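The values are calculated or read from the model by the stated rules, or taken from the named source; none is laboratory data. Since we're looking at a predicted model, the values are computed, not measured. All Cβ positions, even for glycine, are placed from backbone atoms using ideal geometry, and neighbour counts span all protein chains on display.
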Amino acid sequence: MSEKMLAVWAVVFLAMISSGQAQYDPLASDIFTLPGEKGSTGSLSSKIHTDTNADPLSIDALMQPLDPEHRTEYLNKISGRTYLGPFVPSAQELSGNWHLLLQGGAPGEFQLQLVQNRDAVFGRGYMYLAGSASAASSVSASGQAVKDVLYLDLIDVENLVLYRCTLTMRKDFLSGSFAAFDARGQAWSGTIQGSRLA
């Protein structure tokens with residue numbers, strides 16, 4: 001009787017071990033199951049399950065085709081931040097009329113009307129080159145105010161010149177540097193001073 005009980009316990013123990021291995025290793029059951037036995041198809045490939053919808057690298061959001069109507073949404077997925085992320089108020093309100101004087105490279109001056117909405121700064125105006133007999137060129141402005149620094153891009157629309165400015169803000173004054181780039185591949189730099197017009 002004790003031998004039969006021992007044999008039954010051994011069979012139960014082996015069954016528990018083989019079912020435990022099958023839970024952790026999907027191929028283990030094929031090793032211990034002979035072809036033709038119940039629950040076996042005799043093929044290892046039938047036991048392997050691959051989820052074709054899985055995204056192990058978490059790049060599904062990046063692999064979607066670019067929808068021109070949702071560019072901001074796409075860029076926010078890449079950058080990992082929400083649109084108009086944490087807002088840090090700038091040191092001063094920049095809305096109004098401004099006069100900027102460029103020195104170095106090709107000297108000139110800007111007359112700008114700037115508007116500020118949160119940290120976004122944008123506007124339009126005119127540029128006058130020193131020593132140029134031509135009329136003023138139209139200029140568009142776009143940038144961002146971060147604490148006490150204004151990053152401002154000024155584009156001479158008619159001559160296709162970009163002035164990339166980094167300016168420190170103090171009350172009604174701006175000062176800093178610029179780097180200019182034209183459509184012919186030339187580049188130059190200089191300093192820039194600005195003041196608010198009454």
Item to check | Enumeration of residues in the range 146-198 that are without any contact (Cβ under 8 Å) to a residue 60 or more places away in the chain, in contact with a Lys or Arg (Cβ under 9 Å, 6 or more places away or on another chain) and small (Gly, Ala, Ser) | outcome: ALA179
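When you go through ALA180, ALA145, ALA141 one by one, which is the residue that is surrounded by 19 or more Cβ atoms within 10 Å (Cβ to Cβ), modelled with pLDDT of 95 or more and assigned to a strand (DSSP E or B)?
Values: ALA180 fails: modelled with pLDDT of 95 or more; ALA145 fails: modelled with pLDDT of 95 or more.
One residue alone meets the criteria, ALA141.
Whether any residue in the range 117-129 is within 18 Å of GLY96 (Cα to Cα), of a type in the set (D, E, K, R) and assigned to a strand (DSSP E or B) is what I want to check. Show your work before the answer.
Within the range 117-129, the first condition is being within 18 Å of GLY96 (Cα to Cα), and the residues that meet it are 117-127.
Next cut, of a type in the set (D, E, K, R) only: 118-119, 124.
Those left that are additionally assigned to a strand (DSSP E or B): 124.
Checking the range 117-129: at least one residue is within 18 Å of GLY96 (Cα to Cα), of a type in the set (D, E, K, R) and assigned to a strand (DSSP E or B).
Can we say ASP172 is surrounded by fewer than 16 Cβ atoms within 10 Å (Cβ to Cβ) and among the acidic types (Asp, Glu)? Steps first, answer last, please.
Working: surrounded by fewer than 16 Cβ atoms within 10 Å (Cβ to Cβ): yes; among the acidic types (Asp, Glu): yes.
It is true that ASP172 is surrounded by fewer than 16 Cβ atoms within 10 Å (Cβ to Cβ) and among the acidic types (Asp, Glu).
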Item to check | Residues located in the range 148-167, provided they are surrounded by 14 or more Cβ atoms within 10 Å (Cβ to Cβ) and under 17 Å from GLN92 (Cα atoms) | outcome: VAL149, LEU150, TYR151, LEU152, THR166, LEU167
Checklist entry - For the range 149-177, which residues satisfy the criterion of being hydroxyl-bearing (Ser, Thr, Tyr) and assigned to a loop (DSSP other than H, G, I, E, B)? => result none
